[in-house]
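Structure first, then comments.
The values are calculated or read from the model by the stated rules, or taken from the named source; none is laboratory data. Quick caveat, the model's predicted, so the values are computed rather than measured. Reconstructed Cβ throughout: ideal geometry from the backbone, glycine too, with neighbour counts over all protein chains shown. Please note that ligands, DNA and RNA were not included when accessible areas were found on the heavy atoms of the full protein model with its side chains. Shrake-Rupley method; radii C 1.70, N 1.55, O 1.52, S 1.80 Å.
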Amino acid sequence: MLGINRKLEQLESDGTIIRVGLVGAGQMGRGMVSQIESMKGMRVVVTADIVLENVKLAYERAGVPKDEVIETDELSKAADAIQAGKVVATGDAELVTALSEVDVVVDATGIPNIGAKIAWDAILNKKHIVMLNVEADVTVGPLLKQMADACGVVYTGSAGDEPGAVMELYDFADALGFEVVALGKGKNNPLNVEANPQTAAEEAKRKGASPKMLASFQDGTKTMVEMTAVANATGFLPDKPGMNGFVGTVEELPAIFRRKEEGGQVENERIVEYINGVAPGVFAIVKSDKEEVNHEMTYLSMGEGPNYVLYRPYHLTSLETPISIARAHLYHEATIAPWQGLQAETVAVAKKDLAAGEFLDSIGGFTVYGTILTVTDAKEKGALPIGLVDAHVQVKRPIKKGEIITYDDVEQKKESTIWRLRRIQDETLVGKRELEAKV
């Protein structure tokens, strides 16, 4: 991240910029557009959303004059507008991935199936793809990364999203030779697995947020998904199904993450976890076997050891996404990606009693929430990944509240991109891993 400002200044002084294409002009997308308009060497040259007014509002709030915003779904007209120094508003996401005038695509839709399609199209069109869609990433990210590698482009999660912020701490500690004991994030609301858009509506209205999005935070799905992304990037695993969800302060974290036999609260090391009480921050728990390092850490007021906490008290969500855009374009580097393949899975759990013939809805809805398992446990149970849940998935048998939903429990009534990609991923990447293990 260091020096990106100077690299971007140099780009602009050389008369060029990083041309960004955005899909999704909701809260996250609008914030990113405004942030980038304040930067040198980068611009969001085209934005797509099914509600065109969202795109126009994003550019208006970013200070882009109305006569510089060209509305079109035509490829040639959009290309001409960008070449003339204007920006494009469109309702067609495929236009964003097809334009040769776009260098990096950002998915800010938050919908797993749409995100998978955007990433697939961007990679096939030889464009770097930045995912503000962790739900899609934990479902088909390993396959998308393999595709991106083969096509010579970068597939990456976003800086500012909590997995990206955790990864920055991990990379820092790991590069310095610390032993990393645990990686985690704070949860800023009590876990309520029954939360739904109706129960979240009043708070969502106060905060100006989507009730469904807020419900996905409250029911824990978002936290499970985020730590699944960290697991797939690092190989760290949940200490137990669903993680522990301890309560504690930053100062208490080093002691919490000692093994139980050492007076702590965890069974294992190299784990992912969430803590109630340290939101909105992220953390890494580290230790060293070197006497001089421990002496220096104590001298630096990092605690008495043996564990120490590295804590970042903020993450700026999509406002930091430009850092990942720049890293992908300038250095061909990902902020976070599933480098370790599938290590964990966020699986669907019934939020209420479900009847045979009932259709599931979506993440943050009324029918399911997500919980994290190791991929071994998920595979043994035949558990349904949360990213495959949508309104075209029908329940085949009665399922009790709190039960993990399996592939055998449901029937897909309409084929979707993310189901196709997941099938390919399971048949290729998982099969390859099992073959290598036998050899």
**Message:** Going through GLU320, GLU345 one at a time, which residue ends up being within 16 Å of the chain's Cα centre (by Cα), in contact (Cβ under 8 Å) with a residue 24 or more places away in the chain and part of a strand (DSSP E or B)?
**Reply:** GLU345
**Request:** Considering only residues that are of a type in the set (D, E, K, R) and in a helix (DSSP H, G or I), look in segment 161-170 and name the one that is farthest from the chain's Cα centre (by Cα).
**Result:** GLU168
**Request:** Report yes if GLY15 is out of contact with any Lys or Arg (no Cβ under 8 Å at 6 or more places or on another chain), open to solvent by 60 Å² or more (accessible area, probe 1.4 Å) and over 18 Å from PRO322 (Cα atoms), otherwise no.
**Result:** yes
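Looking at this structure, is LYS187 at pLDDT 95 or above, open to solvent by less than 60 Å² (accessible area, probe 1.4 Å) and in contact with a Ser or Thr (Cβ under 9 Å, 6 or more places away or on another chain)?
Numbers: at pLDDT 95 or above: no; open to solvent by less than 60 Å² (accessible area, probe 1.4 Å): yes; in contact with a Ser or Thr (Cβ under 9 Å, 6 or more places away or on another chain): yes.
It is false that LYS187 is at pLDDT 95 or above, open to solvent by less than 60 Å² (accessible area, probe 1.4 Å) and in contact with a Ser or Thr (Cβ under 9 Å, 6 or more places away or on another chain).
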**Request:** Would you mind finding the one in PRO197, PRO211 that is over 24 Å from PHE246 (Cα atoms), touching a residue at least 12 places away in the same chain (Cβ under 8 Å), open to solvent by 10 Å² or more (accessible area, probe 1.4 Å) and in contact with a Lys or Arg (Cβ under 6 Å, 6 or more places away or on another chain)?
**Result:** PRO197
**Request:** Could you check THR109 against (1) in a helix (DSSP H, G or I); (2) open to solvent by 10 Å² or more (accessible area, probe 1.4 Å); (3) touching a helix residue (DSSP H, G or I) at 6+ places or on another chain (Cβ under 6 Å) and say which number it fails?
**Result:** (1)
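Taking segment 112-123, which residues are open to solvent by 10 Å² or more (accessible area, probe 1.4 Å) and within 13 Å of the chain's Cα centre (by Cα)? Spell out how you get there, then give the answer.
Just the residues of segment 112-123 that are open to solvent by 10 Å² or more (accessible area, probe 1.4 Å), to begin with: 112-114, 117, 120-121.
The answer is PRO112, and nothing else.
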**Prompt:** Taking the stated definitions as given, is LYS400 open to solvent by 50 Å² or more (accessible area, probe 1.4 Å) and in contact (Cβ under 8 Å) with a residue 40 or more places away in the chain?
**Reply:** yes
**Message:** Looking at ILE70, ILE50 in this structure, which one is at negative phi and touching a strand residue (DSSP E or B) at 6+ places or on another chain (Cβ under 7 Å)?
**Reply:** ILE70
**Asked** Taking segment 44-95, which residues are of a type outside the set (D, E, K, R), open to solvent by 60 Å² or more (accessible area, probe 1.4 Å), over 26 Å from ILE111 (Cβ atoms) and part of a helix (DSSP H, G or I)?
**Response** SER76, GLN83
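Which of the residues belonging to segment 375-393 are outside any loop (DSSP other than H, G, I, E, B) and closer than 21 Å to SER216 by Cα?
Our first condition is that a residue be outside any loop (DSSP other than H, G, I, E, B); within segment 375-393, this holds for 375-381, 383, 385-388, 393.
Those that are outside any loop (DSSP other than H, G, I, E, B) and closer than 21 Å to SER216 by Cα: ALA378, ALA383, PRO385, ILE386, GLY387, LEU388, VAL393.
Residue-by-condition table, conditions (1) without any contact (Cβ under 8 Å) to a residue 40 or more places away in the chain; (2) surrounded by fewer than 24 Cβ atoms within 10 Å (Cβ to Cβ):
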{"position": "ASN125", "(1), (2)": "yes, yes"}
{"position": "VAL130", "(1), (2)": "no, no"}
{"position": "ASN133", "(1), (2)": "yes, no"}
{"position": "LEU144", "(1), (2)": "no, no"}
{"position": "ALA150", "(1), (2)": "yes, yes"}
{"position": "TYR155", "(1), (2)": "no, no"}
{"position": "ALA159", "(1), (2)": "no, no"}
{"position": "PRO163", "(1), (2)": "no, no"}
{"position": "VAL181", "(1), (2)": "no, no"}
**Item:** Test: residue in segment 372-390 that is at pLDDT below 95 and either small (Gly, Ala, Ser) or over 22 Å from PRO241 (Cα atoms) (or both)
**Value:** yes
**Asked** Looking at ALA356, is it aliphatic (A, V, I, L, M), open to solvent by 30 Å² or more (accessible area, probe 1.4 Å) and touching a residue at least 40 places away in the same chain (Cβ under 8 Å)?
**Response** yes
**Request:** Enumerate the pairs (first residue in segment 369-380 and without any contact (Cβ under 8 Å) to a residue 40 or more places away in the chain; second residue anywhere and buried (at least 17 other Cβ atoms within 10 Å of the Cβ) and not in a strand (DSSP E or B)) with beta-carbon separation below 7 Å, excluding pairs fewer than 6 apart on the same chain, so at least 6 apart or on different chains.
**Result:** VAL375/LEU342; VAL375/GLN343
**Tally of residues being aliphatic (A, V, I, L, M) and open to solvent by 10 Å² or more (accessible area, probe 1.4 Å) across segment 225-241** = 1
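What number of residues within segment 366-376 are over 21 Å from SER210 (Cα atoms) and open to solvent by less than 50 Å² (accessible area, probe 1.4 Å)? So that I can check it myself, show each step before the final result.
Going through segment 366-376, the residues over 21 Å from SER210 (Cα atoms) turn out to be 371-376.
Within this subset, residues satisfying the condition of being open to solvent by less than 50 Å² (accessible area, probe 1.4 Å) are 371-375.
Residues in segment 366-376 being over 21 Å from SER210 (Cα atoms) and open to solvent by less than 50 Å² (accessible area, probe 1.4 Å): 5 in total.
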**Item:** The one condition in (1) part of a helix (DSSP H, G or I); (2) of a type in the set (Val, Ile, Thr); (3) open to solvent by 10 Å² or more (accessible area, probe 1.4 Å); (4) at pLDDT 95 or above that ILE363 fails to fulfil
**Value:** (1)
**Complete:** Scanning segment 266-306 for residues that are surrounded by fewer than 16 Cβ atoms within 10 Å (Cβ to Cβ) and within 21 Å of LYS240 (Cα to Cα), the one farthest from the chain's Cα centre (by Cα) turns out to be GLU267
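Give segment 12-30 a look and list any residue that's within 21 Å of ALA122 (Cβ to Cβ) and either in contact (Cβ under 8 Å) with a residue 40 or more places away in the chain or of a type in the set (S, T, N, Q) (or both), or say none.
Step one: filter segment 12-30 for residues within 21 Å of ALA122 (Cβ to Cβ), giving 16-26, 28-30.
Hits for segment 12-30 are THR16, ILE18, ARG19, VAL20, GLY21, LEU22, VAL23, GLY24, ALA25, GLY26, MET28, GLY29.
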